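Q: Handing you this structure, nothing more for now.
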Amino acid sequence: MKRASSKLALAVVLLCAVAIGAAAADKPVLSIMCFQGYAEDSWVKPFEQKYNCTVKIAYAGAVDEMFSKVKAAPADYSIVSIDPGRITMYKSADLLQPVDTGKLSNYAQMGAFFRNHPYNKMLGGGGIYHIPIVWGTQTITVNTSKLPAADLAKYVDQKKGTISLKALTAPEFKGKTAFFDESANVCAIAGIEIGAKDPFHFKDDEWQKVQDQLYAWKKNARTFTSGLDSEFSVLSSEDAMIVLGGNDALLNLKLEDAKIRQNFQQYAMTEGTICWIDGWVITKPTKGASLDLAHKYIDMMIGAQVQTELAKLVGFGVVNPAGAGGFSPVIKDKRSTWWYQDIKTFPAPLYIMIPEENANRRVEMWNKVKAMP
């Protein structure tokens, strides 16, 4: 009798384990590809509990890396965090479907600037493909504790808080600069430096000038960076003293945690900079329960609670004004950026990122520059 009872108990345990496994397998799945900071436990875990689902997260450190992964396996990702400059590339590769804004209860809470900006209407085919969640700019971070003030004075306007892009090719800074390895951003900023009226739509005679400018940057630089950790490593190790990057708010927080932020100052570029607007797109293969979860996740991220958490966590500008209370003193400090202020107060010309005239050509040009001796 005891042996029979043991067998019965074992059978019950096995059946329960199978049932639990089946229940877990039956949970709907939302698969996310994003930049660091856009899928944090503080809101992902409650989301999983609320909708009895599983959220799978994959991270990428650079725009081109993300596109390559999504293009290779679009069915593996339900939503992807990208900026407007990449929408045309994704759409041309037949990777996207429109977002149904009627399913976003928080859509009307977003600032009018982000709801009405024309980038979503430039794609053709109707519909809204991109829902913004945060915005920011490209800036230059300088190790002011190591570089002579006299050398910096030629390029810096301390009153405005700007630095000239010419610092990236200055002979006195040779081997002391770095910039990020992202074709979309570096091509546009190089376009600004050569005086292109529209850095997202080059004229025929501007392509070679941009390529030459990128090569001049490269020849003066010590290294390239790829994402937040890379920028922090280059600066904290003093491998480079002047870094053009795109993670300035997060970088400030990371430098603060390392107790070395007092050694650095961030500047906008005197000639102007690009304004990226990170947001969510939905991949074309997404359907059924995953599509429903995609809309729910996007809606949650533009709501007041997560916008406040985003302001506190990443420090980038929020799209829902109700989240502005989350910004930390680090982001508001004069050594940091200006994203907690009105966009109109930015101290240099600002170019809102829109889809480029030929994104593939820009990728090819940048790869060509990198391959040059």
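The values are calculated or read from the model by the stated rules, or taken from the named source; none is laboratory data. Predicted, not measured: the structure shown is a model, and the values here were computed from it. Here the Cβ is made from the backbone with ideal geometry for all residues, glycine too, and neighbour counts use every protein chain on show. For the accessible areas, the whole protein counts, side chains as well, though only heavy atoms, and no ligand, DNA or RNA atoms are used. Shrake-Rupley method; radii C 1.70, N 1.55, O 1.52, S 1.80 Å.
Q: Mind checking which helices (runs of 4 or more DSSP H) fall wholly inside segment 62-138 and carry at least 3 residues that are within 19 Å of the chain's Cα centre (by Cα) and closer than 17 Å to Glu356 by Cβ?
A: On the way: elements: 63-72, 87-92, 112-116.
Because the criterion is at least 3 residues that are within 19 Å of the chain's Cα centre (by Cα) and closer than 17 Å to Glu356 by Cβ, the helices (runs of 4 or more DSSP H) in segment 62-138 that meet it are 63-72, 87-92.
Q: If you take the residues of segment 139-154 that are over 19 Å from the mean Cα position of the chain (by Cα) and in contact (Cβ under 8 Å) with a residue 24 or more places away in the chain, which of them is nearest to Ile352 (Cα to Cα)? Write out each step before concluding.
A: Residues of segment 139-154 over 19 Å from the mean Cα position of the chain (by Cα): 142-154.
From what is left, the residues that are in contact (Cβ under 8 Å) with a residue 24 or more places away in the chain are 142-147.
On the way: Val142: 24, Asn143: 28, Thr144: 29, Ser145: 32, Lys146: 33, Leu147: 31 Å.
Taking the candidates together, the pick is Val142.
Q: Sticking with this one: Which of the residues belonging to segment 200-216 are crowded, with 22+ Cβ neighbours inside 10 Å and either over 19 Å from Glu356 (Cα atoms) or of a type in the set (S, T, N, Q) (or both)?
A: Gln213
Q: Of the numbered conditions (1) at pLDDT 95 or above; (2) closer than 22 Å to Trp276 by Cα, Ala150 fails exactly one; give the number of that condition.
A: Answer for Ala150: the failing condition is (2).
Q: Just to be sure I understand, how many residues within segment 200-230 are farther than 27 Å from Cys34 by Cβ and not in a loop (DSSP other than H, G, I, E, B)?
A: Just the residues of segment 200-230 that are farther than 27 Å from Cys34 by Cβ, to begin with: 201-222.
Pick out the ones that are also not in a loop (DSSP other than H, G, I, E, B) and you get 204-222.
Here the count works out to 19.
Q: Go through segment 144-199 and report how many residues are open to solvent by 20 Å² or more (accessible area, probe 1.4 Å), part of a loop (DSSP other than H, G, I, E, B) and of a type in the set (Gly, Ala, Ser).
A: 3
Q: Sticking with this structure for a sec: Do we find a residue being at pLDDT 85 or above and hydrophobic (A, V, I, L, M, F, W, C) anywhere in segment 341-351? Walk me through it before giving the result.
A: In the first step, residues of segment 341-351 are kept if they are at pLDDT 85 or above; the result is 347-351.
So of that shortlist, the ones also hydrophobic (A, V, I, L, M, F, W, C) come out as 348, 350.
Yes, segment 341-351 has at least one match.
Q: Let me ask another. For Lys91, are the conditions met, namely being basic (Lys, Arg), in contact (Cβ under 8 Å) with a residue 12 or more places away in the chain and surrounded by fewer than 16 Cβ atoms within 10 Å (Cβ to Cβ)?
A: Working: basic (Lys, Arg): yes; in contact (Cβ under 8 Å) with a residue 12 or more places away in the chain: yes; surrounded by fewer than 16 Cβ atoms within 10 Å (Cβ to Cβ): no.
In short, no.
Q: Assuming Thr54 fulfils every condition listed in (1) closer than 21 Å to Trp276 by Cα; (2) open to solvent by 20 Å² or more (accessible area, probe 1.4 Å); (3) over 18 Å from the mean Cα position of the chain (by Cα) apart from one, which condition is it?
A: Every condition holds for Thr54 apart from (1).
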